[in-house]
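Here's the structure, in structure tokens; my notes come after.
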There are 2 protein chains.
Amino acid sequence: MYKIGIDIGGMSIKAGIVANGEIIQREVKETNQSGGLDNIIDDITELVNKLLAKCELDINNIDSIGIGFPGVVTNEGRVTCVNIGLENASIIPKLQERLKGTIVRAGNDANVAALAEYVYGSMKGYNSGVMITLGTGIGGGIVIDGKLITGSNGIGAEIGHTMVATNYYDCNCGNNGCFETFCSATAIIKYAQKLLQEGRNTIIRDMCKNTLENITAKMVFDAYKENDQVAVEIINRFKKYLAMGIGNIVNFIDPAVISVGGGVSNASDIILDGLSEEVKKHLPLKQTKIGDIVIAKFKNDAGIIGASAL
Amino acid sequence: MYKIGIDIGGMSIKAGIVANGEIIQREVKETNQSGGLDNIIDDITELVNKLLAKCELDINNIDSIGIGFPGVVTNEGRVTCVNIGLENASIIPKLQERLKGTIVRAGNDANVAALAEYVYGSMKGYNSGVMITLGTGIGGGIVIDGKLITGSNGIGAEIGHTMVATNYYDCNCGNNGCFETFCSATAIIKYAQKLLQEGRNTIIRDMCKNTLENITAKMVFDAYKENDQVAVEIINRFKKYLAMGIGNIVNFIDPAVISVGGGVSNASDIILDGLSEEVKKHLPLKQTKIGDIVIAKFKNDAGIIGASAL
């Protein structure tokens, strides 16, 4: 039996037919920037129909359709997603009607990525796992005994907005100290921009052609590999707070595995080097064992694969 | 059928026979300060036998015995508890042998208190709940769908050592920023001592007879009720960080209820006043509903009742 996974992003909607955790057919569409429930439903229906046509399948061959949204999804499937104009929107009944009664499920995009890793990827075989996606922000997903912990109101797991320390700039959410202001790609870029603005001498300046807006997290990791001292300072700071954020996860629910994903996780060697030892410093009993820390398996496909597993 | 709950503390071991969540008979014994596995086993056996004699019961009338330890208890029941000289101690088989095969279970004391609140107290009837005990330190316990989340290595839920912000003093655990350095009774006392040391004018000075070591959290709350401006400053600081710590819990697993216990929770009106609104400021989507925040039902009895429910 086939499943369909749909990954709603701010820029594009990606869809795929999934069999045994592998995407066997893909479709993609630009996100309708005017947003709204009807547009989203039209777009999803169009993508599903295109996928079916490509594979010469009928909707009756599809077991279920899962959708990952970049926002809050309640346990009743109501979606709030500011970017695409959804507020407490009841999307499932309307979609099911359009898709001839096929089962439709919805989830938060970071939760869905965690599910992909738990069912098919880096967290497979563990009893419990937490995934953090280090991208523009930080997303989180918690799975315990095979069940996504989405929370009583669909908030869980906004790990990017858990607070770890006082920071030199405020988060978009209005608070100071959110984990994502230390360890997202954005956080790395901002700190690099700050040091360059202070006139520090670094090869990042050449890499970005002395235009601060051009700086990427990859540039900083590349400069780190060249032993550039400003890059070393930025990455050491990032790693210090990453250990604190993961330490919070361990002190909170002590999962059997923690998977680090998102664009920043491409620098896997640098991230994992010494990380477990640093995390253990945050335990009250330092000699206690902690779960494994691993790098996520799926990159851009986590959304489709995870949504299909909802 | 009766159960026995045992609450191991640094100063005393409290035991009780529990029927339907009520303690029907109690015993208490000073904790043997020389510690060690054999002493603990002797003490527990003695308490159990005294309880049985008082109630004219036989050990066969006891369904199970639960023990709460102030330390890490692995899922296999191994106990590490520095204060009483236990390190990865296998206490259950030896105790079961001494207690004629009666089922013995062990848990962390804060987890056990959470279980008491979930099964019989302030979190009863909710799908998921997190308890925080604000005492000398901060303990935590998480229950989801009736199951204690103790973690894969027994660390969960050391919520007192999750980090929330940068603080002016370090935690005993060696880190800076642990939740318990902001919101425990100790944290309130330390901050009061700091302000008095700075020469601030406050009625707390009279209350403690100008001896900083005499200051208690209760004095600070009492002074707050008198509108003492230094006490207001201390309690406002405490409440700010309490909202951050609870905000972290909500952003992490979004429980249906959060129960605040421990000695500090006696000041329930002051603690709950405006708390939910402050916590919501820490959500990325401010309009999202959050779980109820309540005050724990059981005070000193949570340990016995919760242990009996293990």
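Only one of these is at pLDDT below 95 and surrounded by fewer than 20 Cβ atoms within 10 Å (Cβ to Cβ): B:LYS239, B:LYS289, B:LYS218, B:LYS280. Name it. Steps first, please.
Values: B:LYS239 fails: at pLDDT below 95; B:LYS218 fails: at pLDDT below 95; B:LYS280 fails: at pLDDT below 95.
Criteria check complete, one pass: B:LYS289.
Can you name the helices (runs of 4 or more DSSP H) wholly within the range A:245-310 that have at least 2 residues being β-branched (Val, Ile, Thr)?
Details: elements: A:268-272, A:275-280, A:302-308.
Filter on the range A:245-310 gives A:268-272, A:302-308.
It is to be established whether one or more residues within the range A:261-276 are within 14 Å of another protein chain (Cβ to nearest Cβ) and either buried (at least 24 other Cβ atoms within 10 Å of the Cβ) or touching a helix residue (DSSP H, G or I) at 6+ places or on another chain (Cβ under 8 Å) (or both).
Looking through the range A:261-276, none of the residues is within 14 Å of another protein chain (Cβ to nearest Cβ) and either buried (at least 24 other Cβ atoms within 10 Å of the Cβ) or touching a helix residue (DSSP H, G or I) at 6+ places or on another chain (Cβ under 8 Å) (or both).
Looking at the structure I just gave you, is A:ASN210 within 14 Å of another protein chain (Cβ to nearest Cβ) and either aromatic (Phe, Trp, Tyr) or more than 14 Å from A:ALA231 (Cα to Cα) (or both)?
It is false that A:ASN210 is within 14 Å of another protein chain (Cβ to nearest Cβ) and either aromatic (Phe, Trp, Tyr) or more than 14 Å from A:ALA231 (Cα to Cα) (or both).
Hand me the list of strands (runs of 3 or more DSSP E) wholly inside the range B:21-92 holding 2 or more residues that are of a type in the set (D, E, K, R).
Qualifying strands (runs of 3 or more DSSP E): B:22-30.
Name, by its number, the condition in (1) within 12 Å of chain B (Cβ to nearest Cβ); (2) closer than 25 Å to A:GLY35 by Cα; (3) not hydrophobic (A, V, I, L, M, F, W, C) that does not hold for A:ARG105.
(1)
State all residues of the range A:257-277 that are closer than 23 Å to A:ASN127 by Cβ and under 19 Å from the mean Cα position of the chain (by Cα); if no residue qualifies, say none. First the steps, then the outcome.
First, the residues of the range A:257-277 that are closer than 23 Å to A:ASN127 by Cβ: A:257-261, A:265, A:272, A:275-276.
Residues satisfying the conditions are A:VAL257, A:ILE258, A:SER259, A:VAL260, A:GLY261, A:SER265, A:LEU272.
Go over the candidates A:VAL104, A:VAL143, A:VAL73 one by one and state the one that is at pLDDT 95 or above, closer than 27 Å to B:LYS147 by Cβ and not hydroxyl-bearing (Ser, Thr, Tyr).
A:VAL143
Just to be sure I understand, how many residues within the range B:131-148 are within 21 Å of B:ILE188 (Cβ to Cβ) and buried (at least 24 other Cβ atoms within 10 Å of the Cβ)?
Final tally of qualifying residues: 8.
Across the range B:279-295, what is the total count of residues that are more than 7 Å from chain A (Cβ to nearest Cβ) and within 15 Å of B:MET131 (Cα to Cα)?
Qualifying residue count for the region: 4.
Conditions tested, residue by residue: (1) farther than 18 Å from A:THR162 by Cα; (2) not polar (S, T, N, Q).
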{"site": "B:SER128", "(1), (2)": "yes, no"}
{"site": "B:THR136", "(1), (2)": "yes, no"}
{"site": "B:ASP145", "(1), (2)": "yes, yes"}
{"site": "B:GLU158", "(1), (2)": "no, yes"}
{"site": "B:CYS171", "(1), (2)": "yes, yes"}
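Testing B:ASP170 on (1) modelled with pLDDT under 95; (2) away from chain A (no Cβ under 11 Å); (3) under 30 Å from A:GLY291 (Cα atoms), one condition comes back false. Which one is that?
Failing condition for B:ASP170: (1).
The values are calculated or read from the model by the stated rules, or taken from the named source; none is laboratory data. Everything numeric in this text was worked out from a predicted model, so none of it was measured. No Cβ is skipped: glycine too gets one built from the backbone with ideal geometry, and neighbour counts run over all protein chains shown.
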